[in-house]
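Below you'll find the structure, written out as structure tokens, and then a few comments.
Throughout, read-outs are computed from the coordinates displayed, never taken from laboratory work. These numbers come from a predicted model, not from an experiment. Quick reminder, even Gly has a Cβ in these numbers, built from the backbone with ideal geometry, and neighbours come from all protein chains shown.
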Amino acid sequence: MEQIGRYKVAGELGRGAMGVVYRAEDPTIGRTVAIKTIRLTDLTDPKEQERLRERLMREAQSAGMLSHPGIVTIYDVAEKDGLAYVFMEFVNGPTLEKLMERDRLPKQEQLLEVIRQTAAALDYAHRKGIVHRDIKPANIMIHDDGSAKIADFGVARIVSQKMTQTGAVMGTPSYMSPEQIQGHAVDGRADQWALAVIVYEILTGEKPFVGDSMPALVYRIVREEPAAPQRINPSLNGAVEAVVRRALNKDPEKRYPTCTEFGDALAAALKTAKGWRILPPGTSQSMPTVARSTGPRPQLQTQSEALPAAPEAPAGQGSRKSMRVGFLMGAAAGAVLLAALIIVPKLQRADVPVEREGPPNTAPAVSTAAPPPAAAATVKPQEVEAPEPSKPAPAAPPKPAAPQEKTIAIQTTPAGATVIIDNNAEIGCTSPCSVSLLPGRHSLAAKLEGHRPALKIFEVPRDAEISLSLDAYQGTLVVRTTPPGATITLNGKRQDKVTPAVLTLAAGKYKMVLSKEGLPDQEDELEIKDGALKNYDYSWGR
């Protein structure tokens with residue numbers, strides 16, 4: 001294909017299940033675009049074709065409502081001869097999926113920035129009432145400047161809009177949330193779940209949920225918990241697990257309120273894991289320290305079987321036991337013979353010390369039958385060394401125990417917050433930390449500069465671990481220059497990125513200086529407001 005409408009096709013970018021993505025040029029304005037083609041004729045059912053056509057229109061409608069540097073812009077949608085065309089912004093870079101396949105993931109800090117940018121873009125869409133519903137590595141584009149862009153809002157649904165096909169399940173199964181799989185109503189926390197699956201996969205090299213069949217995969221997503229991340233990647237810690245598990249909670253109400261909060265909590269937790277690293281896909285398969293929940297464990301069984309069992313005597317003791325029994329039987333026979341010849345009143349006081357272990361008032365009987373009970377009792381010193389449990393020493397009734405303090409572990413994201421218990425400044429610490437409290441109801445207040453205060457009510461001893469996420473006062477600054485490649489200095493600190501750049505900044509006022517070799521510096525003052533996106537464009541001209 002050489003031309004699509006007025007666009008001149010320059011090459012192929014990739015292929016999907018239902019079409020091809022091309023790189024093309026718009027000769028009218030000289031803009032490079034990406035064109036996704038979808039073969040409607042692959043669906044023989046006219047109703048399915050119409051449903052897919054509606055889906056494409058919905059893609060244009062939902063994406064047209066979004067204007068964010070972290071979201072691929074949709075320019076137009078058209079249809080001709082059984083082919084649908086989606087004209088969109090061209091992103092000069094691979095997908096996150098390609099980077100994961102090639103084991104070329106960004107470094108730790110760059111990766112966290114990709115997660116933050118993706119989370120911010122998703123929150124922006126969610127505030128507009130749009131849920132992506134198909135977040136996966138293939139739909140996260142990484143621009144050559146390191147910025148992230150979300151592609152394919154084609155399966156997004158406007159929350160307020162009713163679907164003609166109620167309960168329709170859309171998305172990629174491995175990244176779908178439990179509520180989405182079950183056909184329940186979804187909101188932005190379904191996208192958060194998918195983002196958490198991606199994070200889990202990047203950190204461990206493994207998907208949290210896998211199955212040999214679709215029913216098995218669906219069951220595990222809905223019913224089972226994934227393996228602890230640090231169990232697969234020992235460089236992680238419990239703080240990272242707590243963050244990931246919260247974002248992967250089966251109940252959407254128990255996840256983070258926003259994707260940005262999840263991203264910030266993850267970044268703070270990883271800071272506490274010194275030397276953490278990313279595992280390439282499949283690494284856990286060759287790690288001897290990874291424990292598996294299924295399959296035989298012969299080594300442990302062998303160790304267990306090697307332990308001496310209580311009823312069996314160790315080797316070398318059988319002969320001694322036989323000698324001891326023979327001696328006792330001989331002694332019993334001698335006692336019987338002596339009793340028959342000489343009847344003495346003091347017969348009950350035996351000369352053999354072990355007879356004192358027998359029942360009281362038990363006299364040996366003159367009989368040719370089996371040995372008397374007293375004789376049988378002579379084996380007890382070899383088997384019982386402690387006093388008989390049936391005769392415990394009398395003890396005084398225990399006094400009512402005083403209430404015992406319980407140690408409570410406290411963690412905030414980010415760490416370093418000042419924690420005050422029950423509005424008492426004398427009972428507090430700096431997170432992460434622990435305090436000892438009496439049983440009952442308590443309050444906890446956490447404060448950290450640049451973040452909103454957080455308050456939590458908890459019960460001791462029910463709540464042994466407390467985790468709080470503190471919302472940062474921050475906004476997003478997008479800086480573009482013509483020509484690009486300018487350095488950015490904010491309040492005297494040079495930034496790592498050059499234009500075009502997306503920066504997440506603490507709320508406040510900044511003095512910005514843009515510098516480009518051979519051109520005069522551009523200075524300006526701007527203010528970043530909490531939760532706001534600010535675009536800054538500057539052209540030096542030619």
Check: What do you get when you divide the Cα radius of gyration of the range 422-469 by 2.2 N^0.38 Å, with N the number of residues?
Finding: 1.13
Notebook entry, point to check: Given a cut-off of under 8 Å on Cα pairs at least six residues apart, what relative contact order in percent is computed for the range 94-148?
Noted result: 57 percent
Item checked: Formal net charge of residues neighbouring K511 (Cβ-Cβ distance under 9 Å; K, R +1; D, E -1) -> -2
Next item on the list: For the range 1-149, divide the Cα radius of gyration by the Kirkwood radius and give the resulting Rg/Rh value with two decimals.
Entry: 0.97
